[in-house]
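*Asks:* Input: one structure, supplied below.
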Amino acid sequence: MSDDRPAWARRIAAERAARDWSQRDAVRALRAHATEELPGDDSMIRQWKRWESGQIPNEFYRPLLAAVFGTVTHALFPAPARRDGNSEILAASGMETLEIVSRLNRSDVDAATLDALRMTADRLCSEYPYMPSEQLLIEGRQWLRRVVELHSKSLTLAQHREVLALSGWLALLVGCVEYDTGDRHAAESTRRAALSLATEAEHAEIGGWAHEMRAWFALTTGDYRGVVTAAQAGGELAAHHGVAVQLAAQEAKAWARLGDRRQVEVALDKGRRLLEGMPHPENLDNHFVVDPAKFDFYAMDCYRLVGEDKLARTLAEEVLRAGTDFDGMERMPMRNAEARVTLGVTAAREGDLDQALIMGERALEGERQSVPSLIMTSRELAAEMKRRYASEPAAQEYLAHLRQLGQEKPGFLPQ
């Protein structure tokens, strides 16, 4: 029988089941997060049943429900999507690439040209999740070079700072793609350049993302204390920006790998509270925007590592749902790949080798990959395979496939 309830209603029921809660238990947890007295238990249980059947909660209860399940309101109850395609950017700027480039050749720079450059940078950052890495790297470097060349033009002080900021955003993007493709040393040099630009422009948000990249690099190379240091430095610099949420998440991931469950919960709760208090982003596609659904992705990683398999599996299924369009096209292939690794890990722990292998291999199939992150999480699945199924030929084939990927993209983690 098909389940035609809204996705949020199915999720509330699944999250409750993953915690082995009755509806009465769930109401008790709801009270713990409320700042004012709620109706009696019988009334609230009836209300909870209505929510799970698909009746939308009002604005008072939505953030309480999100807090109960350790997420944020707009992840549990998504706002209508706003997608900025290239045609919309072109319509807004009124310029195509050729015209922008020709304007850049002038001796001075006008406001319209800077507007077009801002929109171009936003477009490139929005194409990060799905554009082939090689193509995005070429385009990103071309535009970075063009923007950097503007420093030789006659600029006002405000224009100079704007150009520095645009250079910083493009450097961040290029550095991320360089790291995705295995060029670790180039990525670190580009990250340092972005941090220098942020310092010169006094741009805390760009500086925060440069620290976040350092935390990400450290995470995927096994330097977990380095993650904590970078995350805390970036958090101090950009405490009021969305990047602070992702920095808290990177810190939580590091604590999970260090085995400190209490610090995991502290870092996740810090990130959740920061994100809940921020306005909903306008462009959810931009890589340097922390969209609410991504918080579930962070928590999924942590719960997998601390052995909370039911919660990890529930969140992995939610990540896949949110990262796939109605026609089956994957909007977030890199997140989806890590969600499949999580499903593979939980299946392996439950004794289902076939499902673990299916999920593990599917995770490695995507054309758009963040190789260091994928290798890191896949090796966690490999550890479960070695521990439980070392003598199984099918498991040995998966391990060989993973070793081959590591040899093709060396330098991220020790073998």
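*Asks:* Look through region 207-259, keep the residues that are part of a loop (DSSP other than H, G, I, E, B) and among the hydrophobic types (A, V, I, L, M, F, W, C), and return whichever of them is farthest from SER370 (Cα to Cα).
*Replies:* Within region 207-259, the match that is farthest from SER370 (Cα to Cα) is ALA239.
*Asks:* From the residues in region 199-234 that are at pLDDT below 95 and small (Gly, Ala, Ser), which one is farthest from SER378 (Cα to Cα)?
*Replies:* ALA201
*Asks:* Condition first: assigned to a helix (DSSP H, G or I) and loosely packed, with under 14 Cβ neighbours inside 10 Å. Now tell me which residues in region 8-30 satisfy that.
*Replies:* Across region 8-30, the qualifying residues are ALA17, ARG24, ASP25.
*Asks:* Related question: Confirm whether TYR303 is of a type in the set (Ser, Thr, Tyr), buried (at least 19 other Cβ atoms within 10 Å of the Cβ), free of Cβ contacts under 8 Å to residues at least 24 places away in the same chain and closer than 21 Å to ILE12 by Cα.
*Replies:* yes
*Asks:* A further question follows. List, please: which pairs have Cβ atoms under 6 Å, are six or more places apart or on different chains, and start with a residue in region 362-390 that is at pLDDT below 85 and end with one that is surrounded by fewer than 19 Cβ atoms within 10 Å (Cβ to Cβ) and basic (Lys, Arg)?
*Replies:* Pairs that qualify, where the first residue is at pLDDT below 85 and the partner is surrounded by fewer than 19 Cβ atoms within 10 Å (Cβ to Cβ) and basic (Lys, Arg), are VAL371/LYS409.
*Asks:* Contact list please: Cβ distance under 8 Å, first residue in region 233-260 and charged (D, E, K, R), second residue in a loop (DSSP other than H, G, I, E, B) and crowded, with 24+ Cβ neighbours inside 10 Å, pairs at least six apart or on different chains.
*Replies:* none
*Asks:* Among the candidates SER167, SER133, SER154, single out the residue that is touching a residue at least 24 places away in the same chain (Cβ under 8 Å) and in contact with a strand residue (DSSP E or B) (Cβ under 8 Å, 6 or more places away or on another chain).
*Replies:* SER154
*Asks:* Still on this structure, I have one more. Identify, from the list ARG103, ARG123, ARG145, the residue that is of a type in the set (D, E, K, R), at pLDDT 85 or above and farther than 23 Å from ASN283 by Cβ.
*Replies:* ARG145
*Asks:* Hey, another quick one. I'm checking my understanding of the structure. Among residues of region 139-162 that are surrounded by fewer than 15 Cβ atoms within 10 Å (Cβ to Cβ) and among the aliphatic types (A, V, I, L, M), which one is farthest from ASP115 (Cα to Cα)?
*Replies:* LEU157
*Asks:* Taking region 333-361, which residues are in contact (Cβ under 8 Å) with a residue 60 or more places away in the chain and touching a Ser or Thr at 6+ places or on another chain (Cβ under 8 Å)?
*Replies:* Within region 333-361, just MET334 meets the criteria.
The values are calculated or read from the model by the stated rules, or taken from the named source; none is laboratory data. In this text the structure is predicted, and so the values were computed from the model without any measurement. Note that each Cβ is placed from the backbone with ideal geometry, even for glycine, and that neighbours are counted across all protein chains shown.
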